[in-house]
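Please read the structure below before turning to the comments.
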Amino acid sequence: MTATSASDAAAPAPATHSGDRLPPGVALVIGVLIISTFIVFLNEMLLGVALPTLIADFGVSPSTGQWVTTGFLLTMAVLIPASSFVMRRFHLRTIFLVALSLFIVGTTLAAIAPTFGVLVAGRVVQASGTAVFLPLLMTTTMRLVPAGRRGQMMAITTAVPSVAPVLGPALSGLVLSALSWRWLFILMLPIAVIALALGAWKLRNVTTPEPVTLDLPSLLLSAVGFGGLVYGLSLLGEASSGHAPISPYLPIAVGLVGLAAFVLRQIPLQRRDSAFLDMRIFARKSYTLPILVMVFVAGNGIGLLVVLPLVLTLVAGLSALQLGLFLIPGGAAISIMATLSGRAYDRVGPRPLVIPASIVWLGVLWFLSRVDENTSVVSLLIAWMVFTSAMATMWAPLTTAAMGGLRAELFPHGSAAFATVQQLAGAAFGAVFISAYTIGSGAQDAGVLTTDQATSAAHAAFLTAFVIGLVVLVGVLFVGRTASPADDGAVVDAPVALAPVTVETVADATATDAAVAEKAAR
């Protein structure tokens, strides 16, 4: 690791931070990252509402059209594992400026896209810039926030990737009610440029880069593994109607082999501290169990946003404007419940929060699997608000419990893995729900459905989500308060990148580790 000179870093902050106060400068650093992460993640599900319009404008099927979202999620799932390398190799400010610049380039390309392929390419470039933001935000929060405030602060940081994708379709509906879909990107450009200027002006470095190298075979295996799985799943709907170009099971098999090879590749690399994604994070049950549960929580929550606009448009008969207004309360509910659950986590731990929330969450999914044209819009709105509230109540405690079980030196790997499974689950489950929707419609062309066919398709998609959600109910029964990682001998040899301490930055990870141990002792 690169040595830190006396001019680069001051003495570590005292190990006894007050649990109620943030060290100097932390709020500024995290605030800039939260604002920027919200902006880029707003685009994650931005085109969900526009999907019917895109299908009509470009003459594509629903299975093809959903790649404007699935392609975005898939790119993030492939690149997020590389964020652990990026966070170790480069300064925080450099990462921020390059990533947001990539996002701006992708947004511009999508705004001027003459064909559907160019639109998807723009979305891929957008996602390339977006991929690093969530791991960067999570790692920075875990490193800089004292243990006594982690539940509350992690609730805010984890609300960003859950609130923003929900508000994206709401914004989309409002814009599409008056303008073309291209304005979804045109209006985003000045906001992203302002965020870039704000970060360049205010953001300061809080880490010391390490001389690590990127393992290209790991990057390739990651792309093959995740890409094969999601592509294969996306073909299931087309295969059911005989329109798939190849059997979906071929890319699924290739994806599974790719993921297995990726894992095997990391084992020798982590012994030299050069792993693309350090597998030792999975040695702790307190990390592995919450992340497995999060696969199904995030998969249902993000994946259903691909199907929901189709259901609300074709079954409930909502216009683009009404659809946008429909989704706004759900985003507000996520923000409120994430904050409340984060505060409650610091007092009671995860189980009293996640168990009741999972039961309510499943109940809503069962209700949604029975909707038809006679179901009132008010009932649907209340159901969706309850669904998003329950999801937020699970999301923050699961994330905090998982990350709190790792040593500080593994935070980049832990946050990268956590963000990867969220995005991969969203991409994979979105493809599964679109496939269930297509199969359930019983139509040769799922882009043109009658009300009865759309209702049958909606039942199939939401019932699939309910069955998947049963795994969550079982999993949360075993999630407990995070134990101290002090006895985790598997990671004692990993290096720590120290953070310089100035009036504009914060204490290094030593103070954070001490705070974790102090809280665990209590």
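Things to note:
- Stokes-Einstein D in µm²/s, Kirkwood radius over Cα pairs - the range 341-459 at 37 °C with 0.692 mPa s viscosity: 195 µm²/s
- Rel. contact order, % - alpha carbon contacts under 8 angstrom, at least six apart, the range 394-475: 22 percent
Bear in mind these aren't lab numbers, they're just calculated from the coordinates by the rules spelled out. Everything numeric in this text was worked out from a predicted model, so none of it was measured.
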